[in-house]
1. In the neighborhood of Val478, defined by Cβ-to-Cβ distances under 14 Å, what is the net charge if each Lys or Arg adds +1 and each Asp or Glu adds -1?
2. Hey, can you rank 263-273, 190-200, 5-15 by average C-beta count inside 10 Å, highest first?
3. What does the charge count around Lys301 come to, taking other residues whose C-beta lies under 10 Å from its C-beta (Lys +1, Arg +1, Asp -1, Glu -1)?
4. Just how large is the dipole of the stretch 157-213 about the Cα centre, in debye to the nearest 20, putting +1 at every Lys and Arg Cβ and -1 at every Asp and Glu Cβ?
5. Size of the dipole of the stretch 338-466 about the Cα centre, Lys and Arg at +1 and Asp and Glu at -1 on the beta carbon, nothing else charged, in debye to 20?
6. In the stretch 27-150, what % of DSSP beta bridges are antiparallel (nearest 5)?
7. Could you point to the residue in Gln512, Thr8, His406 farthest towards the positive end of the chain's charge dipole, with +1 and -1 charges on the Cβ of Lys/Arg and Asp/Glu respectively?
8. Taking a cut-off of 19 Å between Cα atoms, list the aspartates and glutamates near Lys123, but don't count ones fewer than 8 places away on the same chain.
Amino acid sequence: MTKYVFTTGGVVSSVGKGVLSASLGLLLEARGLRIAMMKFDPYINVDPGTMNPFEHGEVFVTDDGAETDLDLGHYQRFTRAKLSQKSNATTGGIYNAVIQKERRGEFLGKTVQVIPHITDEIKSRIRMLTADSEDPIDVAIIEIGGTVGDIESLPFLEALRQFRLDVGPPNCCFIHVTLVPFIAAAGELKTKPTQHSVRALRDIGIQPNVIVCRTGSHVMGPEQRHKVALFCDVTDDAIINAQDISPLYAIPLNFKRQKLDDTVLRLLGIEAPAGDLSEWEAMVERLVSAQEEVQIAAVGKYVNHDDAYKSINEAFVHAGAANDCKVRLTWVDSEQFEKGVDVAGALKSYHGILVGPGFGTRGIEGKIKAAQYAREAQVPYFGICLGMQMAVIELARNRLGLREAHSTEINPRTPDPVISLLSEQRGIQDLGGTMRLGAYRCELKPDTKARQAYGEDVIFERHRHRYEFNNAYLEAMVGKAGMVVSGIHPKGDHDLVEIIELKDHPWFCASQFHPEFKSTPLRPQPLFREFIAAALRHKAGT
Ligand code: GLN
């Protein structure tokens, strides 16, 4: 029978519920338990796909094409939980489903209300998560976005209160992640905000069983732990101190030392063997001990939000670990190259150049110039999605002489649309959930860098785009521009170009898909790994 862990957040947002949930997932899996993971988001967007990543953070894509919250990226990197459309639900999605049922007359004349109809829908999502899983799920870990006390999270918390009674209180464990600030003037950590936040949770009828205290760089002493335990009515062993820890992947080891998994399993009445984290520990050790450093320029719009490219940043951490080096990723503003700044001057100190995903026109010409520089100066180049499209445009312009070649996304009237709208995208008006999304089959060509990197003939990678390489230019690009198509998605009447590379270059690879979404610290993504290996060779001058 499935047991449930619910994680809520207190005092402030961004308190680390996602990493806590993912870490617990890892610790439970290490003990042989099968887990499922899910996140509820209290905003009204039906999914985060239409939200600005520079405000909300990256949109994480699952195999089955769900556009989800970036916390699912943490779940993916820390655990083996299968993530799908069922793993993320928002207020907008829940209301949408209830309103559609109402329109179909399924409520048989009843007044449709938050309780029970919205709460029923929330509870049914939790059941759906585990219901038709091929193998029975031992523990479902469900994170509630937002902060306790917000108006938006109320229906979710009320649904959890009911759910606990539905499945029986011993089958549920509530973990509250909260901020315990250090007040410099007093010289101590203050537990009062946490007490208030737990009181707010209790008002709704939920008594947390475990309290995880974020304390910045400070560590709680036994007295402070006891104080939180006393005021919040939990046992001392259920107070977990989450001080800031780096690297990110060492965080679960801190929770393990404090026996978070033992406490949760005791509360849920589950017996499980001690568990083995040695592979994870070895990975953390490699991360920490790497001496060599490689400098990568990520050329794009200036972004002041690390989370906007969360999975890419993490995939580089994984690729670094695989190559026993640290990857320093520096964002280089592509717009400056349009204003006369010398590309070679700005990029010459880097060992590799990345042009990543993106939408819209800003900084586009600068990205094309960066691709040209990487090709001509023989610097390793990695293009992701838009980064592949820019590399194609650059080749068409500078090797085929098609001076105005472009993507129709940027210039709908270009005489040479080397990148054009996917045929199935024609006529689509709605922006939400309508891109080419999720995993598609990609067949790799022998004797290519891509085939070498993956060591397999067929791969599945995740997509999120509307535009593609225009096959009308295939012959010229392959025949005259020296482009190698190393991966294709076979598609009945025509093949979609999925990976391109260059023959006369140490390492120039670009994919239409997003390889970052499948990278994990224990299984670094092959293209990222090989790009960093090439950057190391470039650095060494070999
Ligand atoms: N804007 C491009 C497209 O829609 C690239 C998308 C991306 O980089 N994710 O095809």
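1. Values: positive: Arg399, Lys445, Lys480, Lys503; negative: Glu475, Asp495, Glu501, Asp504.
Here the charged neighbours net out to 0.
2. Values: 263-273: 16.3, 190-200: 18.5, 5-15: 21.8.
So the peptides 263-273, 190-200, 5-15, ranked by packing, come out 5-15, 190-200, 263-273.
3. Working: positive: Arg362, Lys367; negative: Asp333, Glu335.
Around Lys301, the charge tally is 0.
4. Numbers: 6 positive and 4 negative charges, 23 e Å.
Its charge dipole is roughly 120 debye.
5. Working: 19 positive and 15 negative charges, 32 e Å.
I would put it at about 160 debye.
6. Working: 2 of 11 bridges.
Restricted to the stretch 27-150, the bridges split so that about 20 percent are antiparallel.
7. Thr8
8. Asp41, Asp47, Glu102, Glu106, Asp132, Asp138, Glu143, Glu152, Glu158, Asp166
The values are calculated or read from the model by the stated rules, or taken from the named source; none is laboratory data. Since the structure is predicted, the reported quantities are computational estimates derived from the model, not experimental observations. A quick note on method: Cβ atoms are made from the backbone with ideal geometry, for glycine too, and the neighbour counts reach across all protein chains shown. All accessible areas refer to the heavy atoms of the entire protein, side chains included, with ligands and DNA or RNA removed. Shrake-Rupley method; radii C 1.70, N 1.55, O 1.52, S 1.80 Å.
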